[in-house]
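The values are calculated or read from the model by the stated rules, or taken from the named source; none is laboratory data. All values reported here derive from a predicted model rather than from experimental measurement. Because the Cβ atoms are built from the backbone with ideal geometry, glycine has one as well, and the counts that use them run over all protein chains shown. We work out accessible area using only protein heavy atoms, side chains counted, and drop any ligands, DNA or RNA first. Shrake-Rupley method; radii C 1.70, N 1.55, O 1.52, S 1.80 Å.
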Amino acid sequence: MSERAPKRSVSDLAMAGAEPLFARPRSTSSLVRPDFERFLAYSREFHQAHQFTNNGPLVQQLETRLASFHGTAHCVSFCSGFWALVLAIRCLALPGRREVVMPSLTYRRMADVTSWAGLAPRFCEVDAHSLGMTPALVEPLLNQDTALILGVHPIVNCFDAPGIETLALAHGIPLLIDAVESVRETIGGRRVGGFGCAEVFSLHASKLLNGFEGGYLTTDNAELAGRLALIRGFGFQGPDEVVELGMNAKLNEIHAAMALASLDQLDAQIERNRALYIAYSEALADIPGLRLVAFQEDEACGYKNILVELLDDWPLDRARTLSLLNAENVLARAYYSPPLHQKSYVYPVIAGPLSVTERLGERFLLLPCGHFVDVQDVSAIAALLHFLHMHADALQRLPA
């Protein structure tokens, strides 16, 4: 059976024993592959310099370019976005305080980041429209034990970073932003990367900039940038003198080569992402019960993620919808589910009732996108979703 053959009856579904819609899975990860020769050309630079790590020539080049791209004075690269966040929290958190205000509807390991930094997350409600924090939601949570505000941009569009930046300054509390899904976005025409005390990005293969793995932080704070550069390299200043409690969180040259090659082709990737987004916009428009979360196109966008809300008239619950899609090798995923405040932890967390987050946590899913998805795939996925809607009653009787 060829890929993208339409499903005409329930017996054609993979969950009924038929062949899946796609022989090769279609995932929600970016997985962009920059030109191989371009990647090799960068790799030859560090190979010829005989320097493979420890702030080599490509890491320096990458940091310079990313600082310019985001319009900031400094960029510091790391082995992962996770450790960039942990170390930034350690540097920025107000001494003697323990709470980090952060959204509950966010990345499943964000509370772990806070715990690794020795602090406790205080989970915040999110706005039902933007899916992000707002000043009105954050301010009631601020108290004498608040060490830091950790803002996180949603997968599509951005939260009100200028508003929370103003709030943070008024209360004298540092603002750190996780912007891993917002590399190219702007807010009010201002490029993400320069808000708050610092912003953190990822170079994981699933993200817009693919460095195989890695992360980076942008800031205008020279003291913060210098301290983080020391900490990521064992705390060494010079060959032997240790001046910080450090660790090995450096980005090596092979990852920098991949990230530079990816950065070179970012515009082409975004054009391709936008074509997929437009295809989804058109293909999903007439399917009842589904709402594509639209990009805010009066700002710069990366168009990386395709997020859909299951409305009240969608006839299947999300778990059933996902199991049917996944069986067809349409590797859709629940969006940030369950919310963080509904999980169990082995370390302290602070959470009150978050009714909006709990409702939103059951309604959204991510659809396949990225380098290994094309517009024909989008048409096939939309046709499958239309089929699921039309045959919902019969699909309820299929085995799980």
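What to note about this one:
- Extension gain, E282 to L398: 0.36 nm times the residue separation minus the Cα-Cα distance gives 38.8 nm.
- Computed with every protein chain present, the accessible area of H389 is close to 40 Å² [probe 1.4 Å].
- Contour excess over end-to-end distance, with Cα ends at R65 and R291 and 0.36 nm allotted per residue: 77.7 nm
- With θ taken as phi - 60° and the Karplus curve 6.51 cos²θ - 1.76 cosθ + 1.60 applied, the whole-hertz 3J(HN,Hα) list for the stretch 284-294 is 8, 4, 9, 8, x, x, 10, 10, 6, 6, 7 Hz, x standing for glycine and proline.
- Selected from T218, T72, T166 as most flexible by GNM, with the chain as the system and alpha-carbon contacts under 10 Å: T166
- Length-normalised contact order of the stretch 193-352 in % [C-alpha pairs under 8 Å, at least 6 apart]: 13 percent
- Legend: residues V308, V242, sorted from most to least accessible area (1.4 Å probe; ligands, DNA and RNA excluded), read V242, V308.
- With all protein chains modelled, accessible area of C158 [1.4 Å, Å²]: 30 Å²
- Considering only beta bridges that DSSP places wholly inside the chain, some 60 percent are antiparallel.
- Ranking Q265, N210, A93 by Cα position along the charge dipole of the chain, where only Lys, Arg, Asp and Glu carry charges on their C-beta atoms, puts N210 farthest toward the positive end.
- Applied to the stretch 16-32, the Karplus parametrisation 6.51 cos²θ - 1.76 cosθ + 1.60 on θ = phi - 60° returns per-residue 3J(HN,Hα) values of 9, x, 7, 5, x, 4, 10, 5, 9, x, 10, 9, 8, 8, 5, 6, 5 Hz, with x for Gly and Pro.
- Only helical runs count toward this figure. For the chain, summing -39,500 (n - 2.57) over DSSP H runs of n ≥ 4 and dividing by all residues gives -10500 deg cm²/dmol at 222 nm.
- Lys, Arg +1 and Asp, Glu -1 on Cβ, resulting dipole of the chain about Cα centre, debye, nearest 20: 720 debye
- Within the accessible area of the stretch 97-193, the carbon and sulfur atoms contribute 51%, probe 1.4 Å, all protein chains present.
- Shape of the chain, Cα gyration tensor, a/c cut at 1.5: oblate
- In loop segments of the stretch 305-400 as defined by DSSP, the trypsin sites (Lys or Arg not before Pro) with at most 15 further C-beta atoms inside 10 Å of their C-beta are K343, R397.
- Residue-wise HN-Hα couplings along the stretch 238-252, as the Karplus relation 6.51 cos²θ - 1.76 cosθ + 1.60 with θ = phi - 60° gives them from phi, are x, x, 10, 7, 9, 10, 9, 6, x, 7, 9, 10, 6, 8, 8 Hz; Gly and Pro carry x.
- Using 0.36 nm per residue and subtracting the Cα-Cα separation, the extra length available between D312 and V10 on full extension is 106.4 nm.
- On Cα atoms only, tilt of 161-171 relative to the major axis of the chain in degrees: 40 degrees
- Amide proton proximity set for F212, modelled H, under 5 Å, gap of 5+: A205
- Global form of the stretch 159-227, assessed from the alpha-carbon gyration tensor, a/c cut-off 1.5: oblate
- Between F236 and A136, the C-beta separation translates, for a Förster distance of 56 Å, into a calculated FRET efficiency of about 0.80.
- Take the chain with all the other protein chains still there, run a 1.4 Å probe, and you get 42 Å² of accessible area per residue.
- Modelled label reach - R24, point 7 Å along Cα→Cβ, the stretch 323-344 residues with backbone N closer than 19 Å: 326-332
- Spin-label model distance (nm) - F52 vs I350, 7 Å beyond Cα toward Cβ: 4.6 nm
- Considering only alpha-carbon pairs that sit under 8 angstrom and 6 or more positions apart, the relative contact order computed for the stretch 16-165 is 18 percent.
- Close Lys pairs in the chain, defined as Cα atoms under 28 Å apart and 8 or more places apart or on different chains, number 6.
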